[in-house]
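**Student:** Dropping a structure here in structure tokens format, bear with me for questions.
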Amino acid sequence: DTEVTQTPKHLVMGMTNKKSLKCEQHMGHRAMYWYKQKAKKPPELMFVYSYEKLSINESVPSRFSPECPNSSLLNLHLHALQPEDSALYLCASSQDGTSGLETQYFGPGTRLLVL
Amino acid sequence: AQSVTQLDSQVPVFEEAPVELRCNYSSSVSVYLFWYVQYPNQGLQLLLKYLSGSTLVKGINGFEAEFNKSQTSFHLRKPSVHISDTAEYFCAVTQPDSWGKLQFGAGTQVVVTP
């Protein structure tokens, strides 16, 4: 099974709402990633977890809060977002994230609209 | 620092014609190179990757790419495209011990028409 699942598929939220995005994989991978992708642009890395520890935070605003409860699950908690945060949020996983040669397996994404 | 340049933002191609997507990179150290494809309303899927060894890399769906160190290029080719190859294609680069930090190019939109 090489599938990464993400829920929900679509999310509409107001600027005062709190919501969470969820990602799950059952490939035994120990690294998980969050990316943000704006329309017609490449994905931009936000966070990397390796062995349930945050290894990379690409200077993401604190209104985005990642959480890795275990090696199979990754959450992204959203609070007080801005309209410019509207984007496709992609989750990915790879073997352990410690080297650059690993293949990252991507989920289908959550399309977020902030009103 | 590393960077990736995809020279073509959009490539129109007729069905059963060949296609080449260009990718150039810059880096002061050795790199690993990837091509990912993103079909409409989907996540990214790996087509192929170059880590070391043979410079000609074969991937899924009939795609192949050639690593050229002297020209710092990693162009993607397919000899005969299908309508289903319509998608966005991203070239990406990482370095050893980079904690999986992929640097993507801007992407090339391939539109296949009958």
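Values quoted throughout were computed directly from the atomic coordinates according to the rules given, and no laboratory measurement underlies them. These numbers come from a predicted model, not from an experiment. Every residue, glycine as well, gets a Cβ built from its backbone with ideal geometry; the counts of neighbours run over all protein chains shown.
**Student:** Mind checking which lysines have their Cα closer than 20 Å to the Cα of B:Lys78? Skip sequence neighbours fewer than 8 apart in that chain.
**Tutor:** Answer for B:Lys78, where 20 Å is the Cα cut-off: B:Lys49, B:Lys58, listed by chain and number.
**Student:** To continue, here is another question. In whole angstrom, and with the biggest value first, how far do the Cα coordinates of the protein assembly as shown range along each principal axis?
**Tutor:** Principal extents (largest minus smallest coordinate, Cα): 50, 40, 33 Å.
**Student:** Between B:Glu64 and A:His79, what is the label-to-label distance in nm when each label sits 7 Å out along the Cα-to-Cβ direction?
**Tutor:** 5.4
**Student:** What lysines does A:Lys22 reach when the alpha-carbon gap must be under 18 Å and sequence neighbours fewer than 8 apart in one chain are set aside?
**Tutor:** Leaving aside lysines fewer than 8 places away in the same chain, those within reach of A:Lys22 are A:Lys9, A:Lys36, A:Lys53.
**Student:** At R0 = 22 Å, how high is the FRET efficiency between B:Ser80 and A:Glu3 if r is their beta carbon distance? Nearest 0.05 is fine.
**Tutor:** It comes to 0.15.
**Student:** With θ taken as phi - 60° and the coefficients 6.51, -1.76 and 1.60, list the Karplus ³J(HN,Hα) couplings across the range B:14-20 in order, rounded to whole Hz; mark glycine and proline as x.
**Tutor:** For the range B:14-20, the Karplus curve yields 7, 4, 6, 8, x, 9, 10 Hz.
**Student:** Give the aspartates and glutamates reachable from A:Lys40 as a straight Cα distance under 19 Å; neighbours fewer than 8 places away on the same chain don't count.
**Tutor:** Straight-line reach from A:Lys40, under 19 Å: A:Glu84, A:Asp85, B:Asp8, B:Asp85, B:Glu88.
**Student:** Right, next: Label A:Asp96 and B:Ser26 with points 7 Å out from Cα along Cα→Cβ: what is the distance between them in nm?
**Tutor:** The two pseudo-label positions are separated by 3.5 nm.
**Student:** Related question: Where does the charge balance sit around B:Leu21 when Lys and Arg score +1, Asp and Glu -1, over other residues with C-beta under 10 Å from its C-beta?
**Tutor:** Net local charge, B:Leu21 excluded: +1.
**Student:** What share of all Cα pairs of chain B, in percent, falls into each consecutive 10 Å distance bin?
**Tutor:** Result, from short to long distances: 15, 49, 29, 6, 0 percent.
**Student:** Say each of A:Leu54 and A:Asn70 gets a label point 7 Å from the Cα, pointing the same way as Cα to Cβ; how far apart are those two points in nm?
**Tutor:** 2.3
**Student:** Note down the Stokes-Einstein diffusion coefficient of chain A in µm²/s, whole number, using a Kirkwood radius over alpha carbon pairs, 25 °C, and 0.890 mPa s.
**Tutor:** 175
**Student:** Then there's this: What FRET efficiency, computed as 1/(1 + (r/R0)^6) with R0 = 45 Å and r the Cβ-Cβ distance, is obtained for B:Ser52 and A:Arg111, rounded to the nearest 0.05?
**Tutor:** 0.75
**Student:** Continuing with this model, one more query. Return the average number of partner chain Cβ atoms within 10 angstrom of each residue Cβ along peptide B:28-39.
**Tutor:** 2
**Student:** Here's something else I'd like to know. For chain A, what does the relative contact order come out to in percent, with C-alpha contacts under 8 Å and a separation of six or more?
**Tutor:** 37
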